[in-house]
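What follows is a set of notes on a single structure, which appears directly below.
Only the coordinates and a few stated rules stand behind these numbers; no lab work does. Quantities reported herein were computed from a predicted structural model and do not represent experimental measurements. Here the Cβ positions follow ideal geometry from the backbone for every residue, glycine too, while neighbour counts run over all protein chains shown.
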Amino acid sequence: NAILARLFEYGNFQSVNRFLLWSGWLTLIVFFLTSVFLFLKNAYITKFCVKQTSRVSVSMLNAYMHKPLLFHVESNSGALSKDVIGQTDQFTFGVLISVMTLFGDGAILIVLIGLILYVDFAVGLIVSLTLGLILSMSLVLTRDKMHRLGVGNDNANSARFAFCISALQSIKEIKTSGKETFFAGLFRKYAEEQARCYSSLFIFQLLPPAIV
């Protein structure tokens with residue numbers, strides 16, 4: 001390898017064993033620094049996104065509080081509370097962190113491609129085109145599917161939450177008419193749909209962040 005030969009010559013090593021030892025220590029140091037860098041990147045992204053969650057939830061509650069009284073009469077307070085608390089958390093951990101991670105990894109990828117282009121323009125161009133093609137195909141294949149699953153999960157979760165509250169609020173009428181099993185069966189439809197969508201979204205999140 002021309003690069004290793006140049007490093008061996010530049011370091012003025014007395015033997016191959018010394019060069020291998022130096023290379024091993026250098027690899028360990030690089031691995032350690034890379035792990036620290038990735039930890040700090042993920043830590044700052046998570047901290048930033050969670051702070052945005054608190055800001056969004058406060059803004060949503062403030063907006064609901066300033067709605068006309070008729071809006072609150074016609075709305076379900078439990079569903080509004082779910083929007084303020086549950087939906088903001090779901091947006092943060094399901095969307096915002098993935099987007100910020102994508103931007104962070106994209107910036108790192110751009111820097112690496114720039115270094116490759118600087119060292120060898122032809123190789124860097126081939127790598128850039130290959131990665132661009134792979135990521136573009138992955139984005140086209142997963143974007144629409146994830147959007148449909150996200151919308152389906154939100155709708156099913158909202159319906160599940162509202163139905164549960166309504167059923168418990170009407171528990172006297174339900175027990176009087178002996179319809180417990182019937183209403184539980186209606187609830188099962190929303191619960192199973194939400195579980196299907198959420199599990200699919202979770203599986204997508206196991207993919208590399210750049211693809212998602």
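Ser54 to Val151: extension gain in nm, 0.36 nm per residue of separation minus the Cα-Cα distance?
Values: separation 97, 0.36 × 97 = 34.92 nm, distance 2.25 nm.
Residue separation times 0.36 nm, minus the Cα-Cα distance, leaves 32.7 nm.
Starting from the 7 Å offset along Cα-to-Cβ, what nm value, one decimal, do you get for the label separation of Phe39 and Ala162?
Spacing of the two 7 Å Cα→Cβ label points: 4.6 nm.
Take peptides 155-161, 174-180, 65-71 and line them up by average Cβ neighbours within 10 Å, highest first, as a rough protection proxy. All intermediate terms of the calculation are to be shown ahead of the outcome.
On the way: 155-161: 18.4, 174-180: 11.6, 65-71: 8.7.
Order by mean packing, descending: 155-161, 174-180, 65-71.
Mind checking which aspartates and glutamates have their Cα closer than 15 Å to the Cα of Lys51? Skip sequence neighbours fewer than 8 apart in that chain.
Asp89
Cα gyration tensor of the stretch 33-121, axes a ≥ b ≥ c as square roots of the eigenvalues: rounded (a/c below 1.5), prolate (a/b > b/c) or oblate? Could you put the intermediate results ahead of the total?
Values: a/c = 4.59, a/b = 3.28, b/c = 1.40.
Since a/c reaches 1.5 and a/b is larger than b/c, the shape of the stretch 33-121 is classed as prolate.
For the pair Leu133 and Lys189, what calculated FRET efficiency results from E = 1/(1 + (r/R0)^6), where r is the Cβ-Cβ distance and R0 = 35 Å, to the nearest 0.05?
Numbers: r = 41 Å, r/R0 = 1.18.
Once the sixth-power term is evaluated, E becomes 0.25.
How high is the FRET efficiency between Glu173 and Thr46 when r is their beta carbon distance and R₀ equals 45 Å, given to the nearest 0.05?
On the way: r = 46 Å, r/R0 = 1.02.
Working from the Cβ atoms, E equals 0.45.
Among all the aspartates and glutamates, which ones have a C-alpha under 17 Å from Lys189's C-alpha, if same-chain residues fewer than 8 places away are not counted?
Asp154, Glu180
If R₀ is 22 angstrom, what is the calculated FRET efficiency for the pair Leu20 and Val123, using the beta carbon separation as r and rounding to 0.05?
Here the calculated transfer efficiency is 0.25.
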